1. Using per-residue counts of other Cβ atoms within 10 Å, averaged over each peptide, order 72-78, 133-139, 39-45, 49-55 from highest down.
2. Checking the cross-link filter: which lysines have an alpha carbon closer than 23 Å to that of Lys166, excluding same-chain neighbours under 8 positions apart?
Amino acid sequence: MNEETEHKIVPAVAILAIFAFGIMTFALANASEISPDNIIKLVNVERSSNGLNPVKMNTELQNAAISKSEDMIYRNYFDHYAFGQTPWMFIIRAGYNYSVAGENLAKGFNTSEGIVSAWMNSPTHRANILNPDYQDIGIGVVKGTYTENGTTADTTLTTEMMATPKSGLTLFLERVTNAISSIL
């Protein structure tokens, strides 16, 4: 390489490095930390762009999702069904009487965008997010230590629970049916 070529390459490499640094800084500056509010906003953007109504944060579902994430950290598992528990048990224990419900899980992500993007790229998770029957949402984001394949590391477990409550009439009919059943 001669001196003239070297003088052209060095500035070009420097410009590319600055450009790459700028892109990475922009991407990091626009990536949001993992939080329930950020995930709900992103989920509602996806729902809106698909012609669906937004879901609203529900305290009972939020508590159910936090409880599920905490349970996964405490018992060291990452699954919808474990230790004889279903996602629906967490929802019911939190006091939410659902007619339809779904759950999405995420582990090891650094941003809300990364989580929602991964869910949208998975057919079953995408179906949950774009289910037109859901009205409410709760997000549980819990940081803790998790062991997988013999390696223990700090991670973040995220649980998304989406649901629609039972109607007042349905709840009334269930009570009547239970009352009649207890008499018979």
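1. 133-139, 39-45, 72-78, 49-55
2. Lys56, Lys68
Quick note: the coordinates plus some simple rules give every number you see, no bench work behind them. The shown structure was predicted, so the numbers you read here are calculated from the model rather than taken from an experiment. Using ideal geometry, Cβ is built from the backbone for each residue, glycine included, and neighbour counts are taken over all protein chains shown.
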